[in-house]
Amino acid sequence: MKQLVMVYFCYAVRPYLSFSRSKMCSKIAVVLSGCGVYDGSEVHEAAAALAAVSRAGYEAACFAPNRLLTCAIDHLTGETLGDTTRNSLVEAARISRAKLSDLEELTEDLIEEMSALLIPGGFGGDLELDPEVERVVKVFNEAEKPVGLSSIASILVAKVLGEKGVKITFGKKGEGWPYSGEGDAMDTAAQLGCQVEECTVDEVCEDTDNKIVTTPAYLYDGKVHQVHDGVTKMVEHVIGLI
């Protein structure tokens, strides 16, 4: 009887306990940059990513560059407000509810404790490549840990890893895609060496070899739930590559 109990524990209970403990301790790094689509991280994309991480049983560890915003945008009118003293790290705390750290603290040793990296979209931190963001993307990629990005954030991977021929998406061109056109992000990424695939708002592009997952999100003029569905699917595919 004792032997039967031990066999049951080894083959049924212990693997479950080991899996649960591993999953409970797993963290996923989420890099933000300010707050607000035009001069920071896109709030809905960030919230969708954080919710998907939590729903999957992982803990999100949020980081942001500690630097001044390059400019501030009035999100009501779209007008540029000029020079600003607003800080990317301070602004990102609005999204993470103050639970975040300076991106410089995401060292190689700490990255070893992370299961994956997520970068939501938004024009604040994605058009100008921050040196710290470049470093973090490279380290995660070299460590063969998955990286997930939404919307315009995918241009970061193009700038950092384009020469590897990584496969990414910015959605499609044409009606319903307001940021598409000649010389857009799709064209730029292709020039940088990326394989650019077309996807709908609720689809993802998975580069299995390089462990990169991207989704169009708000590059499409879609509804909130469509964007949330696409970002959630992106996170699920990232977790599938862990």
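Which of the following residues is within 20 Å of Glu113 (Cβ to Cβ), assigned to a strand (DSSP E or B) and within 17 Å of the chain's Cα centre (by Cα): Ala49, Ala60?
Matching residue, one of Ala49, Ala60: Ala60.
Which number in (1) open to solvent by less than 60 Å² (accessible area, probe 1.4 Å); (2) modelled with pLDDT under 95 marks the one condition that Gln226 misses?
(2)
Can you spot a residue in the range 200-213 that is in a helix (DSSP H, G or I), in contact with a helix residue (DSSP H, G or I) (Cβ under 8 Å, 6 or more places away or on another chain) and within 17 Å of Pro120 (Cβ to Cβ)?
No - not one qualifying residue is present in the range 200-213.
Which residue is nearest to Ala64 (Cα to Cα), if the candidates are limited to the range 89-102 and must be open to solvent by less than 70 Å² (accessible area, probe 1.4 Å) and part of a helix (DSSP H, G or I)?
Looking at residues that are open to solvent by less than 70 Å² (accessible area, probe 1.4 Å) and part of a helix (DSSP H, G or I), I get Leu89.
Out of all the residues in the range 26-72, which are in contact with a strand residue (DSSP E or B) (Cβ under 6 Å, 6 or more places away or on another chain) and either farther than 21 Å from Phe123 by Cα or of a type in the set (S, T, N, Q) (or both)?
Passing the criteria: Ser26, Lys27, Ile28, Ser33, Val53, Tyr58, Glu59, Ala60, Ala61, Asn66.
Inspect all residues belonging to the range 71-88 and state whether any of them is at positive phi, modelled with pLDDT under 75, surrounded by fewer than 20 Cβ atoms within 10 Å (Cβ to Cβ) and outside any loop (DSSP other than H, G, I, E, B).
Yes, that holds for at least one residue.
Within the range 103-157, can you find the residues that are of a type in the set (Gly, Ala, Ser) and surrounded by fewer than 23 Cβ atoms within 10 Å (Cβ to Cβ)?
Within the range 103-157, Ser115, Ala143 qualify.
The values are calculated or read from the model by the stated rules, or taken from the named source; none is laboratory data. Everything quoted here is computed from the prediction, not taken from an experiment. For neighbour counting, all protein chains shown are included, and Cβ atoms are generated from backbone atoms with ideal geometry for every residue, glycine included. The area values use the complete protein model at the heavy-atom level, side chains included, leaving out ligands, DNA and RNA. Shrake-Rupley method; radii C 1.70, N 1.55, O 1.52, S 1.80 Å.
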